[in-house]
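Read the structure below first, then the notes.
Just so you know, all these numbers are worked out from the coordinates, no wet-lab data involved. Please read these numbers as outputs of a predicted model, since none were measured by experiment. Neighbour counts run over all protein chains shown; Cβ positions are idealised from the backbone, glycine included.
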């Protein structure tokens, strides 16, 4: 969309239509535990209630002293310095704003308009608070889609109503998300411990996690399940903590007995994690045990074949091998991407699930972006 938006003029909603929207979205928000999903629902509810073209939900990043939105219709994440722009002014002052013409106000930051070709005209911003009355973010709607092409006090009342409910619901979801993030950090750190003992770098597990997430989405998993796999995949080699250094880091060729010891890390990892009541650790147990199984049944530890191997194991196998081949190590150079592609084509239906390999090639540009972003300078 470029230039001035093409406006589809709509009529203001009747009280009955408003109630329907409110009941529909409040029920959905109450039943949702994913932070991103709640933010999407909040943005959609605000947009529909006041008939705006776009709606964003802004949150405060205290660490970076920024305001950010991951949910803004039509654009990706936006970050602005705390206190800047309409939303910053509204949050700092704790007051809503109604702007009829953004370009006549010095607080308007036109950078996003310039980058996207969008034209911001009318704006409404409403801060929302947690249960203690502290401002934790703000609603911001852009461009009224009715004959009256600016927001009114009625819109302010409606968006304030949405903000009052959604802000308090958001707090509990953010607390839940903080717990999940803490678990993810602990799991990632535990995964790094296993890799460091085998002379891998911490970024190996980070890359495997990101690759697994992309592949999971490509396989049709919903975001929450893909997030679960991203969280647990760093634990795939946790069983290496129990493998003796003399075997784990032997420079020469392993004997058959030594190779059996190495292979036991899959069973050890599974045994370490399987007894947990936590879904995260039970899922990590699956990945730890099955990421060395092969589609044709020639993997280990159990020789599972085809779909007998859990999809989490099949995805992590591709992610792990891709990273192992494409990263430089003291004992080997990085493989060129063409050589990796050829191997994966050859191993499609042998080592790897054909469907996962098809997604791998489909998502390869994104995987290479991740590899570049998470390149470890220690990998020489």
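The set of residues in the stretch 220-235 that are within 19 Å of residue 363 (Cα to Cα) and crowded, with 19+ Cβ neighbours inside 10 Å comprises 226, 229, 230, 233. Considering the conditions (1) crowded, with 18+ Cβ neighbours inside 10 Å; (2) assigned to a helix (DSSP H, G or I), residue 260 is excluded by exactly one of them, (1). Taking the criterion of being under 15 Å from residue 348 (Cα atoms) and either outside any loop (DSSP other than H, G, I, E, B) or touching a strand residue (DSSP E or B) at 6+ places or on another chain (Cβ under 9 Å) (or both), the residues of the stretch 296-310 that qualify are 306, 307.
Report yes if residue 285 is touching a residue at least 40 places away in the same chain (Cβ under 8 Å), surrounded by 14 or more Cβ atoms within 10 Å (Cβ to Cβ) and in a helix (DSSP H, G or I), otherwise no. The answer is no for residue 285. Filter the stretch 311-323 for residues that are touching a strand residue (DSSP E or B) at 6+ places or on another chain (Cβ under 9 Å) and touching a residue at least 40 places away in the same chain (Cβ under 8 Å); which is nearest to residue 364 (Cα to Cα)? For the stretch 311-323, the residue satisfying everything is 318. Taking the numbered list (1) in contact (Cβ under 8 Å) with a residue 60 or more places away in the chain; (2) in contact with a strand residue (DSSP E or B) (Cβ under 9 Å, 6 or more places away or on another chain) in turn, residue 84 passes all entries but (1).
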